[in-house]
Every structure is written in structure tokens, then in C-alpha cells.
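All remarks here apply to the structure that follows.
The values are calculated or read from the model by the stated rules, or taken from the named source; none is laboratory data. Since we're looking at a predicted model, the values are computed, not measured. Positions of Cβ are generated from backbone atoms using ideal geometry, with glycine treated the same way; all protein chains shown enter the neighbour counts.
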Amino acid sequence: MSNTDNKKVSLFSKLRYIFDRKQKGQLVVLAVLILIGGIFETFSVSMMIPVMSGIIDPNAMQDVIDQYSVLRHIVEFFNLGVDAEFAKKLAVAMIVLFLVKNAYQIFLIHRQNTFITRARNDMISRVMREFLNRPYEDYLGADIPTVFRITDSDIPRTFTLMLSLLSLSTELIVSIGLGAVILIMNPMMTVICVTVFILLTIFNTKLLKPRLNKIGRENQETQSRIAKWRLQAIYGLKDVKVLNRQDFFIRNYYESGKVGADLARDYAVMNNIPRILIETMFVTVILVYILYSMLTKGNPKDVFVQMGAIGLAAVRIMPAVNRINTYLAEIAYNQYSLDFVYNNLTDSMKMDKAMRAERAAIAGPELHLEKEIEIKDITFAYPDAETNIFSGANMIVPKGKSVGIIGPSGAGKSTVVDIILGLLHVQSGEILCDGSNIFSNYDSWLAQIGYIPQTIYMVDESIRENIAFGIDADKIDEDRIWEVMEEAQLADFVRSLPEGLDTKIGDRGVRLSGGQRQRIGIARALYHNPEILVFDEATSALDNETEAAVMEAVNSFHGKKTMIIIAHRLNTIENCDIIYEVKDEKITKTTLEGRNVIH
Ligand code: ADP
């Protein structure tokens, strides 16, 4: 997960990059709707003042109509008399105008939020897919709360930023429109408003924005830390409780939460400063302006004329400027999340492209094991590790044979299995299936493999779904489930359960014995009828008796399937046709002769 700062790439280029074509199309439509809304808003609000003054004083209205030929034509066309009756009609027209305008506003808010929430969900799913497609190596040293942070927090924030941008454009359109209206009504007032606005914007961008950027970044890091303490306490609940270390975890959770709380406070304060400043400046400047006009002109009537423009400024422009500043603050605060999302997407895009190109270069027909799996001259080291686990190691697994792998702890037995599975990528050498690289058609390679690890990962669903794992409930082949349960010697147990296959794992699953879990793992691996079965210390956590029972199931595949079995107890691989020993960066053929097999 890259965190590098891409200062050179502008905010808009980043947004353009992270949205797909369809979303960009929707954004353009939205922009047009916003523009229409802005014009609507400006028109209805600026109509308010002439209409109000017309209702109060029809004579004044007649003067205005005489002044503008357009208005005169309209009045003549509809044959309207400029009188009290007309004023009433105008008032009703204004009510209708405001109703329509506000209905449009709701429509617009609905459209904006439909776009934002759906696009946000699209993006979260896109990133989630990208997570699952990343090379396994990427996760070896990954900080899981940070991995989750992007979907839980950074993407939602990116969309808050987007919503702020959209709202900002609405407010800008309205402010510019109303600015133009008061420019006609009162140029002096416009100069004042614009000056106040510019001063505030300078204050915001120079002083507030860098601080908000920083708080945004710190807050994201703090959120990761908070999430980490929570996860660690819950994952390790048993150890935490038995060692009675609840206080330690709670204290750390509290302390990082406190940092987060202070950051949230700082953000709230800074977010409110522009609003309060604007109000203070506007009220002061306008009152000083009125006082000044009264003192110099001395005629209260002239001052009264100014009130229309001032009212407009106070009622609509000041709040608009206010909101503009709030949106600017929100954009600054959330920019770090946008950078994070952008960097992640660009990184993974590059990686994805490179991996695809690599695989496309060797792409071949589907693989079906006919003869042998060959590990050819592999060299492997874990990312960031100094020593090689393998240097020029070789191994052959003939079809239909059972191959046992032994070796000292930490020698690389699990590593070689992960390499065969294609989870880890060797620095040099190849894994061949009948002479073809497994990555030449990786999906068909995986389709041939059933993998049974030491701990079987259970989802919080029924036994049926845990065996079929990742297949939609309506597509699960019930007969196949029973077949594989017979093969894994699990069927009798499931039949004895009151709810049978529907028994939920999760709450009750915790009560499954180690042997039963392992059998579910075997049944799961068998479900898609793989040619090759890979056991990675699949029985090492079991007691001797259970292990012997599970091994009985495993041994029943002898000669029917190709098996690769890692074992730390030699008796589990007694029946293997070939034994390899992993040691000193090599894999060598050996026998169990002379070794101490304990029964
Ligand atoms: P075995 O299965 O033979 O006990 P492993 O294949 O699990 O051994 O591990 C081989 C060596 O690789 C060990 O020394 C272990 O410390 C190291 N190793 C395992 N996983 C990682 C990792 N993610 N990053 C770095 N080193 C690792």
C-alpha cells in the first residue's frame, strides 16, 4: 500500500482517474442539473426583492416596468393592470416559483446522493476485488487495519470530498449569479462582498487548509491504530482474558481514541472558524457601510434603497459564502484520503497490468495432470528477507503417487507447498505440470488442486456452505456434498446432528472437534473433485487417535489421487510412495528407513 505524496497530480486529475467512464457521464449530467438549479435559485431569490417592493408600492413597480421594455411587453402581452390585483397575482406566482424551485432542489439532492452513494459502493467493491486479486505475498507483511481502512474510511471520505465539490459548484453558481444581481442593484455592495470573500479565501487557503490537510492525515492514521487495538483484542480474546490483560488493551484503545477525539475537536473548531469570521466581517462591514451612507448622504430614504441589496447579501450570499468555505475545508480535510485511494488504485493497476502481461506471454491451453508435477530449479526468498529458503531446488511428484515432505521446522515445507499452489512466486525456476508452467493457465491448475491446511477456515454458515465454500446456496450440489462427506468420513457425524447439513458453524461451530473441522476441510477440498490433494500439516494439531482416524480417510485416496503431504509426525507419511526432505535450501529424495517412526 503506497503512501507516497502525488503533489504534482491535481485534485481533478485524480478524480478523473478514479472514476470510470459511466460515472464520469453521470457526473456531467449532474453538473448540468446543478447549473440549472443554480440559475433557478438565483432567479427566484433575486426576484424576491423587486416583487416585495412592488407589492408594498405599486407605483414604484410601474416605474420599474416603464424602465425595462421587456417587462413592459410582458405586461402588455398578458394585458395585466399594474394594480393591487396584479400585486396579489405576483405574490401567488412567487409562491409557485419557490415551490417549484424547492421541489427541484429535492430532486437535485436526490440525484447527487444517488450518484455519490452508488458510486461509493461501486468503488468499495472494485477495491475489494482488487484486494482479493493481489498477489498473496502482498499480504504477508500487511497491516490489516490499514488494508480495511481504505474501504471503511478512505473511500467514503473521497466521496464526501466529491459531494463537497458538487455542493461547492452549486453555491458558486448561486453566489456568482446573485453577485451579478447586486452588481446591478448596488456596485459598492458587490465590491464589499467580493473583498470579504477574497480575504476569507486567502485566510482559508493559506492558514486553514494546510492545517486541515495535516489533521486529515493524522486522523486517518489514528483511525488505523484504533481499529488495530480493537481487532487485536477481539482476535486474541482468549489469551487476553486468561492472562487478564483486558486493561492493557482497553487503555491502548482509549489512548488512541483520545488522540482521535482531539483531532476531531480541532477539525470541528477549524471548520467553524470561517463561518464565524464571515458573519463577523459581513455584519461589521455592512453596518459600517450603512453608518457611512447615513453620515454622508443624510437621507434615510437613500439608505433604505440600499437595503434591498443588503438584504439579499445577508439572506442568501452570506450563507452561500459560508457554505463555500465549509466545503473548501471539507475538501482539504479529505484530500489525504483521495490521495490514498488514488495511489492505491494506480499502484494496483500497474501491478495488475504487469502480472497480466507476464501471464499472457506464456498463456497456454488448460492443464490436466497426466504425468508429473515438476519443481524445477527454484530459488525463493520471502520479500524483504535476507536468506533464501530455496536455492536451485528440484522435486518431482508423479501422477497418482503419494509424496511425503519432511524436514526440520522452519526449513520451508509450507513454503514449497505455497509455491506449488502458486501463492508465492519464485525468483527463478518454474513449477511445471506435464512440462507447462502452472501460470500458463493458472485457473485450470487451481481447479485440479484440493488444499487442506492445518487450520480450516470456517465461515459463519451451515456445514453445507462450509463444504461448498464460496458457491451460491442454490448452486450447491447436495449429492456431491454427501459423496465428499462419505469420502472424508464425516457423513455419519452430520447425520447424527439434529439439523444435519443445516447445522450452523459459528456459535455452535466452535464446538466442532479438531478432527471434525479437519474432515470438513477435506470434504471442502474434495468437492470440486481435484486430481491433486495437498495436505499442509493437516493433522498436526490433532491428538494421536484423532490423527490416526483422519489419516485413515486420507489414506483411502492412496493411488486414486496425487497427494502431497507435509507432516511433522513421520507416521502420517508412512504410506507415502516417495519421501522428500526439505533442508538447507534443497529438496532431496529420502526414505523413512532408519528414522524413528512413533506409533
Ligand atoms: P516449515 O513449514 O518447514 O516449518 P515454513 O515453510 O513455514 O517452514 O517457513 C520456512 C522459513 O521461512 C522459516 O524460517 C520462516 O521463518 C520463514 N518465513 C515463513 N513465512 C515468512 C514470511 N511471511 N516472511 C518471511 N519469512 C517467512
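Of note:
- Hey, residue 417 touching a residue at least 60 places away in the same chain (Cβ under 8 Å), within 16 Å of the ligand (Cβ to nearest atom) and within 17 Å of residue 135 (Cβ to Cβ) or not: yes
- Once the range 537-584 is narrowed to residues that are at pLDDT below 90 and within 13 Å of the ligand (Cβ to nearest atom), the residue that is farthest from residue 392 (Cα to Cα) is 540.
- Residue 192 satisfies every condition listed in (1) surrounded by 19 or more Cβ atoms within 10 Å (Cβ to Cβ); (2) closer than 28 Å to residue 11 by Cβ except (2).
- Those helices (runs of 4 or more DSSP H) of the range 353-470 in which 3 or more residues are surrounded by fewer than 14 Cβ atoms within 10 Å (Cβ to Cβ) are absent.
Residue by residue, here is whether (1) without any contact (Cβ under 8 Å) to a residue 40 or more places away in the chain; (2) among the aliphatic types (A, V, I, L, M) holds:
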site	(1), (2)
191	yes, yes
194	yes, yes
198	yes, yes
218	no, no
227	no, yes
242	yes, yes
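- Qualifying position, being aromatic (Phe, Trp, Tyr), under 30 Å from residue 173 (Cβ atoms) and at pLDDT below 70, among 17, 68, 104: 68
- Test: residue 442 is farther than 19 Å from residue 361 by Cα and of a type in the set (Phe, Trp, Tyr): no
- Those residues of the range 487-503 which are surrounded by 12 or more Cβ atoms within 10 Å (Cβ to Cβ) and either in a helix (DSSP H, G or I) or not hydroxyl-bearing (Ser, Thr, Tyr) (or both), in sequence order: 487, 488, 489, 490, 491, 493, 494, 497, 500, 501, 502
- Per-region count, the range 360-387, residues near the ligand (Cβ under 9 Å from one of its atoms), in contact (Cβ under 8 Å) with a residue 12 or more places away in the chain and out of contact with any helix residue (DSSP H, G or I) (no Cβ under 6 Å at 6 or more places or on another chain): 3
- Put simply, of 523, 541 the only residue that is within 44 Å of the chain's Cα centre (by Cα) and over 29 Å from residue 369 (Cα atoms) is 541.
- Neighbours by Cβ (under 8 Å, 6+ apart or cross-chain): first from the range 137-149, more than 13 Å from residue 231 (Cα to Cα) and at pLDDT below 80; second near the ligand (Cβ under 9 Å from one of its atoms) and in a loop (DSSP other than H, G, I, E, B): 140/382; 140/383; 141/383; 141/384
- Single condition residue 390 does not satisfy, out of (1) within 16 Å of the ligand (Cβ to nearest atom); (2) within 32 Å of the chain's Cα centre (by Cα): (2)
- Count of the range 209-232 residues which are within 16 Å of residue 330 (Cβ to Cβ) and touching a Gly at 6+ places or on another chain (Cβ under 8 Å): 1
- Condition broken by residue 406, with the remaining ones in (1) farther than 30 Å from residue 155 by Cβ; (2) of a type outside the set (S, T, N, Q); (3) away from the ligand (no atom under 16 Å from the Cβ) satisfied: (3)
- Any hit, the range 472-484, residues being modelled with pLDDT under 90, in the same structural domain as residue 579 (by TED's automatic domain parsing), aromatic (Phe, Trp, Tyr) and away from the ligand (no atom under 16 Å from the Cβ): no
- Check on residue 559, surrounded by fewer than 19 Cβ atoms within 10 Å (Cβ to Cβ) and within 37 Å of the chain's Cα centre (by Cα): no
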